[in-house]
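Novice: One structure is given below, represented as C-alpha cells, and several questions about it will come after.
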Amino acid sequence: MLERISEHIQIGKAKIVKQLVEEAVAAGIPAQDILEKGLLAGMSIVGEKFRKNEIFVPEVMVAARAMNMGAQVLKPLLAEGGVKATGRVCIGTIEGDLHDIGKNLVKMMMEGKGLEVIDLGTNVAPETYVKTAIEQDCQIICCSALLTTTMPLMADVVKAAEAAGIRDKVKIMIGGAPVSQEFCEQIGADVYTVDAASAADVAVRLCQGC
C-alpha cells in the first residue's frame, strides 16, 4: 500500500493518494511510516527525476499537490504522536521582487524532504526574514531573487541576522537566476544552490547538523 501511495504521488493523482492514505490509516499502518515510506518516498523520486531533467515544473507541481493532500490526512495523527518535522525553514522572494515560481518549487522540494517551510511570499524585507526566523525558531533562512536589481538586498538579510545576534544559529541559503556562488561568498551567505532539488538536499543536511 505504501508503494502504491508513492507511485500515485509520482504521477500526481491527488484524490487517489488521499484515499490510499486514509485506507492505510484505517489498516493500522503507523502515520510515520505512511509519511516516510509513502509520501516522502514518492516525492524523493520526483525530486531525483526533476534533477535529471526527466520531468519538469508542471509534473513537480501536481506531485507536490498530491503529497499535500495525503499529508493533510496525516497531520493530526503525526501531531498526536509527537512527530516533528526534520527541520524548520523560512523562505521568501527578496524585497522588490515579485517572482515566486522558483521559490514555490524550492518550498515543495523541501516539504517533500520532510522539512516544515514557512512561506513569507514575495517582496520580503530583510528584517522580516530575521524576525520570522527568531519567532518560529527556524534553522534556515532561504532568499530567492530573479532580478539583478534586487539580489543585492540579500546582503542586507545577512547583516540583519548579524545585528539580531542569530548569525551563528541560522544558516542563510540563497538562489535564483542571477545569483552565483561568487555572490554568495561576497555577501557572506552560507549556501548557494543551482536548483530546487539541490536546495532541499542541502537544507536537510544543514538541519541535521544544527
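Novice: If you go through the range 52-79, how many residues are aromatic (Phe, Trp, Tyr) and modelled with pLDDT under 90? Please lay out each step first, then the result.
Specialist: Narrowing the range 52-79 to residues aromatic (Phe, Trp, Tyr): 56.
Restricting the remaining residues to those that are modelled with pLDDT under 90 gives none.
Matching residues across the range 52-79 total 0.
Novice: Filter the range 172-210 down to residues that are of a type outside the set (Gly, Ala, Ser) and within 14 Å of the chain's Cα centre (by Cα), then give me how many there are. Spell out how you get there, then give the answer.
Specialist: Restricting attention to the range 172-210, the residues satisfying the condition of being of a type outside the set (Gly, Ala, Ser) are 172-174, 178-179, 181-187, 190-195, 201-202, 204-208, 210.
Still in the list and also within 14 Å of the chain's Cα centre (by Cα): 172-174, 193, 195, 201-202, 204-207.
Looking only at that region, the number is 11.
Novice: In the range 158-204, how many are part of a helix (DSSP H, G or I), small (Gly, Ala, Ser) and within 21 Å of Glu135 (Cα to Cα)?
Specialist: Of the residues in that region, 4 qualify.
Novice: Looking at the range 118-141, which of its residues are surrounded by 24 or more Cβ atoms within 10 Å (Cβ to Cβ) and over 15 Å from Asp156 (Cβ atoms)?
Specialist: Correct list: Cys138, Ile140.
Novice: Let me ask you something else. Hey, among the residues in the range 50-82 that are among the basic types (Lys, Arg) and in contact (Cβ under 8 Å) with a residue 12 or more places away in the chain, which one's nearest to Ser6 (Cα to Cα)?
Specialist: It comes out as Arg65.
Novice: In addition: Please verify whether Ala155 is at pLDDT 95 or above, outside any loop (DSSP other than H, G, I, E, B) and either surrounded by fewer than 19 Cβ atoms within 10 Å (Cβ to Cβ) or more than 20 Å from the chain's Cα centre (by Cα) (or both), treating the condition exactly as stated.
Specialist: Yes: the conditions hold for Ala155.
Novice: Moving to a separate point now. Of the residues Ala64, Ala24, which is over 21 Å from the mean Cα position of the chain (by Cα), open to solvent by less than 40 Å² (accessible area, probe 1.4 Å) and of a type in the set (Gly, Ala, Ser)?
Specialist: The unique qualifying residue is Ala24.
Novice: Still on this model: So, in the range 95-140, of the ones that are of a type in the set (D, E, K, R) and part of a strand (DSSP E or B), which residue ends up nearest to the chain's Cα centre (by Cα)?
Specialist: Taking the range 95-140 and keeping what is of a type in the set (D, E, K, R), we get 95, 97, 100, 103, 107, 111, 113, 116, 119, 127, 131, 135, 137.
From what's left, part of a strand (DSSP E or B): 116, 119.
Numbers: Glu116: 7, Asp119: 9 Å.
Among those that are of a type in the set (D, E, K, R) and part of a strand (DSSP E or B), it is Glu116.
Novice: Applying the selection to the range 77-94, what residues are open to solvent by less than 70 Å² (accessible area, probe 1.4 Å), out of contact with any Ser or Thr (no Cβ under 8 Å at 6 or more places or on another chain) and either under 17 Å from Ala177 (Cβ atoms) or assigned to a helix (DSSP H, G or I) (or both)?
Specialist: Correct list: Leu77, Leu78.
Novice: Something else now. Hey, could you check the range 27-51 for residues that are open to solvent by less than 30 Å² (accessible area, probe 1.4 Å) and more than 19 Å from the chain's Cα centre (by Cα) and say which is modelled with the highest pLDDT?
Specialist: Ile34
The values are calculated or read from the model by the stated rules, or taken from the named source; none is laboratory data. Small disclaimer: the values here were computed from a predicted structure and weren't measured. For neighbour counting, all protein chains shown are included, and Cβ atoms are generated from backbone atoms with ideal geometry for every residue, glycine included. Calculation scope for accessible area: heavy atoms of the full protein, side chains included, ligands and nucleic acids excluded. Shrake-Rupley method; radii C 1.70, N 1.55, O 1.52, S 1.80 Å.
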